Amino acid sequence: MARKRTRASAAGAPVTTTVVVMRLYVAGSAPNSLKAIANLQAICGRYLKDGYKLEIVDVCEHPRRALADGVLVTPSLAKVSPSPASNVIGNLSDTRSVLAALGLPAGMLE
Amino acid sequence: MSPELPSPARSPSRLTTEAAFTDWIRRIVTGAAELQAFDAGQLDAVLDPATGSAILLPEAQAALQGSSRLVLSAFDALPGEVCVLDAAGTVVMTNIAWRAFVAARGGAGLGVCEGENFLAACRNVGASERVRAQTVAAGLREVLAGKRRLFRSEYVCRIPGGHCRFTLTIAGIAQDGAGYAVVARENVSERQRARAPRGSGHAKASRIAAVARASAANRLLAALPANEYERLLAGLEPVRLTYGEVLYQPGERMRHVYFPSDCVVSLLTVVEGHRALEVGLVGREGMVGSRLALGLTVSPVRALVQGTGTAVRMESERFVQEFRRSPALRRALFRFTDTLMLQATNNAACNRFHVVEARLARWLLMTRERTPSNEFHLTHEFLADMLGVRRVGVTHAASALQRQKLIRYRRGTITILDQQGLEVAACSCYRHVRVKGLEAAK
């Protein structure tokens, strides 16, 4: 079963805020997958606030969906929009590369 | 292609050697980023295009198998007799208590071994049990067919020297589209014997039954052998402990020891001129007053109830007698005392080195483990004592956790919203204390 975690923009958010849509492919509760979820949630909470939508796909439950999306390994993060699409492989412990893939300026990193 | 590795994620035992596995992955995965993550040990699974399945990497398999082992240990640690049946009624899993029952009773009373069929056993019972066995079989069929979720029945069977009376509870579970049933057997003969008047009539019997109910959740008592536990029951009395109640003051004689069921008691050290500071937290895994086991009768700490609930207590003198008499109680107490000492030493380091936010997260998780609810009624004042900080420090830490949507804090009520997130926010001490706590409770 695909787990969906969606956080829409708050009603009062500025109109210029772009919502980043992402999909994280994980393998059940395997260690790197759990790390990737925690790391991504920390990054989103810190840098995107409410301006993102995240869908978590468990490849143990939905392997064919992942293959159809061109995913071969997990954990794997795909930025769906805004374009250009990009992805990051691994447990997302490198915040700099995740920010880069999400199209956020590296200058945000303290 | 992957002729040697067609296994889906659910059957990792078919994986071959690590070298062959690595070769196979390098044939499937050719992207630089994927290979870099693989070399860095950051991958969990590879999707096999040939079979359309996910293959777990050995490290991920080992970790998941570790959690499966934990579940099996928990299954074995259950004091009741439990087995799991597949859709055909065949026993696929039993816990230690079930196996001990089967070994002791030689298969009487539907004592079925792994691999045998429970429904067949119901058909093959003696004439005296036939009607009850048919009722159980009919109930089991309905559960397995998904027609009912739960079935309960009382069952009596003949054993050498008398009769054995127990209740069977059968609950349905679904796993990967298949129906299973969990069968739990509770021996009510012993309970009835306890109810039987032994000189002082029905009042005594119902008091013992009340103590048995109130103490059932305490894992230290549950770990004792049945005969030693029954002997303790006579000296225990159920009590309701309320939030803010002080059980001991520093320097005071400990009149009772307490075994919490669903309440939590903080042990606070009081240093003149400073706020109190929590040095230990005791819930259903242990006992308050364990210092008596060391031959000391005066409490060095304030024992403060910080979660309302039930407990059973025993007079200190009686407890010391029981402690001397019962090797199992001694072993359990020594293990628990060790856990409490580790908690105290850990707290000392944690209070010195970790930030208040992480400590608050750790403390909330420790409390959550010991209480049946995600919601606690706590004031800033109280939390400040628990963490050894000023009230403003608690306000900042609670606000930070609230901003991360890990907790909600309103009018003295804290609700845990995201347990996993709170574990990430907590300091590493929680992991150490939690694991040791579990070990002690086995």
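Structure notes:
- Residues of the range B:351-364 that are assigned to a helix (DSSP H, G or I) and either touching a residue at least 24 places away in the same chain (Cβ under 8 Å) or farther than 20 Å from B:V270 by Cα (or both): B:N351, B:F353, B:V356, B:E357, B:A358, B:R359, B:L360, B:A361, B:R362, B:W363, B:L364.
- Candidates in the range A:54-86 are the residues that are part of a strand (DSSP E or B) and in contact with a Leu (Cβ under 6 Å, 6 or more places away or on another chain); of these, the one that is farthest from B:L35 (Cα to Cα) is A:I56.
- Residues of the range B:59-89 satisfying the condition of being outside any helix (DSSP H, G or I) and β-branched (V, I, T): B:V82, B:V84
- Qualifying positions in the range B:254-278 - over 27 Å from B:P327 (Cβ atoms) and either outside any loop (DSSP other than H, G, I, E, B) or at pLDDT 85 or above (or both): B:C263, B:V264, B:S266, B:L268, B:T269, B:L277, B:E278
- Filtered residue count, the range A:73-102, keeping only those that are within 10 Å of chain B (Cβ to nearest Cβ), free of Cβ contacts under 8 Å to residues at least 24 places away in the same chain and under 14 Å from the mean Cα position of the chain (by Cα): 5
- In the set B:L281, B:L221, only one residue is closer than 15 Å to B:T337 by Cβ, of a type outside the set (K, R) and modelled with pLDDT under 90; that residue is B:L281.
- Residue that is modelled with the highest pLDDT [pool: residues in the range B:47-83 that are buried (at least 18 other Cβ atoms within 10 Å of the Cβ) and among the β-branched types (V, I, T)]: B:V82
- Pairs meeting the criteria (first residue in the range A:48-72 and within 11 Å of chain B (Cβ to nearest Cβ), second residue part of a loop (DSSP other than H, G, I, E, B) and of a type in the set (S, T, Y), beta carbons under 7 Å, at least 6 apart or on different chains) are A:D50/A:S9.
Yes or no, residue by residue, for (1) in contact with a strand residue (DSSP E or B) (Cβ under 7 Å, 6 or more places away or on another chain); (2) outside any strand (DSSP E or B); (3) at pLDDT below 85:
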site	(1), (2), (3)
B:A332	no, yes, no
B:M341	no, yes, yes
B:M366	yes, yes, yes
B:D385	yes, yes, yes
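- When residues in the range B:91-141 are screened for being among the hydroxyl-bearing types (S, T, Y) and surrounded by fewer than 16 Cβ atoms within 10 Å (Cβ to Cβ), 1 of them pass.
- Of the residues making up the range A:1-41, those that are at pLDDT 50 or above and assigned to a loop (DSSP other than H, G, I, E, B) are A:T17, A:T18, A:V19, A:A27, A:G28, A:S29, A:A30.
- Among the conditions (1) out of contact with any Ser or Thr (no Cβ under 9 Å at 6 or more places or on another chain); (2) within 25 Å of B:G146 (Cβ to Cβ); (3) assigned by TED's automatic domain parsing to the domain that holds B:A145, the only one that B:A100 does not satisfy is (2).
- Taken together, the residues in the range B:220-252 that are over 24 Å from the mean Cα position of the chain (by Cα) and either crowded, with 23+ Cβ neighbours inside 10 Å or without any contact (Cβ under 8 Å) to a residue 60 or more places away in the chain (or both) amount to 8.
- Of the residues in the range B:238-249, not one is modelled with pLDDT of 80 or more, within 27 Å of B:P327 (Cβ to Cβ) and acidic (D, E).
- Candidates are the residues of the range B:42-58 that are in a loop (DSSP other than H, G, I, E, B) and more than 7 Å from chain A (Cβ to nearest Cβ); the one that is nearest to A:K35 (Cα to Cα) is B:L57.
The values are calculated or read from the model by the stated rules, or taken from the named source; none is laboratory data. The structure displayed is predicted, hence computed values, not measured ones. No Cβ is skipped: glycine too gets one built from the backbone with ideal geometry, and neighbour counts run over all protein chains shown.
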